[in-house]
Amino acid sequence: CTGKTWPGWWDILHSLFGIELEGVELSQSIPTSATEVEYKNSIVVIGMRGAGKTTMGKLAARILKWNFLDLDEYLEKTTGKSIPEIIKEHGWVGFRRHEADILTSVLKTKPTGHILACGGGVVESETNRKILDEYKRKGGIVLLIRRDLKSIVDYLNLDKTRPAYAEDTMDVWTRRKPWYEECCSYQYYSKQPNNILNPKDAEIIQQKAQDFTRFLRFITGRSSVLHHKLQKYSYFVCLTYPNVKPHLKALPEITSDANAVEF
């Protein structure tokens, strides 16, 4: 807050509560951000297996009218071998080396207009973490797709095309979580239905697409929260439900026109 904006409120706080506040004028020279200049560099997507990297990555590509590339599939195509074959022949260390080479290569050869989905274990390699961190430091977007862990486990149990983890999924997530957060520049929580063919999930899918579209347009500079029509007042709703689940259907009406919701 600046002194120009809040002097009346400071007087009120001081008279009512004895609170002393000091303000300073903020510099008007604000560094350029992704919301001021349209972002065109490729976006790297990371996250746990089953979190929705492919689903959300393809959706992002459609929204931005970019190309989608699954790096695991690209690695298999480039080497002419399946990932299990690479691991059997070179071990996990050799596989991670191939993975790092592919990641480095695509960031150079496909620097713009691509959604690049990494394998879930890309952060297990220190080399890969350095590559991702360096990309982020240079202004690139590394997007972490997150999903409720139980939903991930349920989904992987249904999907028999993927090899099972050699260890508990929670242990894998606990180990990788700080690495994911270290490497990413943005996080998106995906509410992805387990069965996308269920008609009851159609509304959820539509809401997810709309929400993800807003999110992508903001982080890539195609829109800004500051560009929306300004209201004379802003409003928030404070919900005191001990359990919000029974009231989910009523939330759209309860929170209508609210700028923020507190749970």
- Task: Given the conditions (1) loosely packed, with under 14 Cβ neighbours inside 10 Å; (2) at pLDDT below 75, report the number of the one that Asp201 does not fulfil.
- Result: (1)
- Query: When residues of region 179-198 are filtered for being surrounded by 15 or more Cβ atoms within 10 Å (Cβ to Cβ) and at pLDDT 75 or above, how many remain?
  - Reply: 8
- Which numbered condition Trp92 fails, given (1) crowded, with 17+ Cβ neighbours inside 10 Å; (2) aromatic (Phe, Trp, Tyr); (3) farther than 16 Å from Val45 by Cβ: (1)
- Task: Give me the pairs, please: first residue somewhere in region 243-256 and among the β-branched types (Val, Ile, Thr), second residue anywhere and open to solvent by 70 Å² or more (accessible area, probe 1.4 Å) and part of a loop (DSSP other than H, G, I, E, B), beta-carbon distance under 7 Å, and either six or more positions apart or on two chains.
- Result: Val244/Phe263
- Message: Let me spell it out: the conditions are (1) modelled with pLDDT under 90; (2) open to solvent by 60 Å² or more (accessible area, probe 1.4 Å); (3) within 24 Å of Leu132 (Cβ to Cβ), and Thr78 meets all of them except one. Which number is the exception?
- Response: (1)
- Filter region 63-80 for residues that are over 14 Å from His114 (Cβ atoms) and among the hydroxyl-bearing types (Ser, Thr, Tyr); the one that is farthest from the chain's Cα centre (by Cα) is Thr79
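Yes/no matrix, rows are residues, columns are (1) modelled with pLDDT of 95 or more; (2) open to solvent by less than 30 Å² (accessible area, probe 1.4 Å); (3) in contact with a Ser or Thr (Cβ under 6 Å, 6 or more places away or on another chain); (4) of a type in the set (Val, Ile, Thr):
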residue: Lys108; (1), (2), (3), (4): yes, no, no, no
residue: Asn128; (1), (2), (3), (4): yes, yes, no, no
residue: Leu132; (1), (2), (3), (4): yes, yes, no, no
residue: Arg146; (1), (2), (3), (4): no, no, no, no
residue: Ile152; (1), (2), (3), (4): no, yes, no, yes
residue: Ala166; (1), (2), (3), (4): no, no, no, no
residue: Met170; (1), (2), (3), (4): no, no, no, no
residue: Thr174; (1), (2), (3), (4): no, no, no, yes
residue: Lys177; (1), (2), (3), (4): no, no, no, no
- Item | Within region 37-58, considering residues that are within 23 Å of Gly121 (Cβ to Cβ), of a type outside the set (Val, Ile, Thr) and at pLDDT 90 or above, the one most open to solvent (accessible area, probe 1.4 Å) | Lys58
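The values are calculated or read from the model by the stated rules, or taken from the named source; none is laboratory data. The model shown is predicted, which means the values in this text are computed figures rather than measured ones. FYI the Cβ positions are ideal-geometry reconstructions off the backbone, even for glycines, and counts take in every protein chain you see. To get the accessible areas, we keep the full protein, side chains included, count just its heavy atoms, and leave off ligands, DNA and RNA. Shrake-Rupley method; radii C 1.70, N 1.55, O 1.52, S 1.80 Å.
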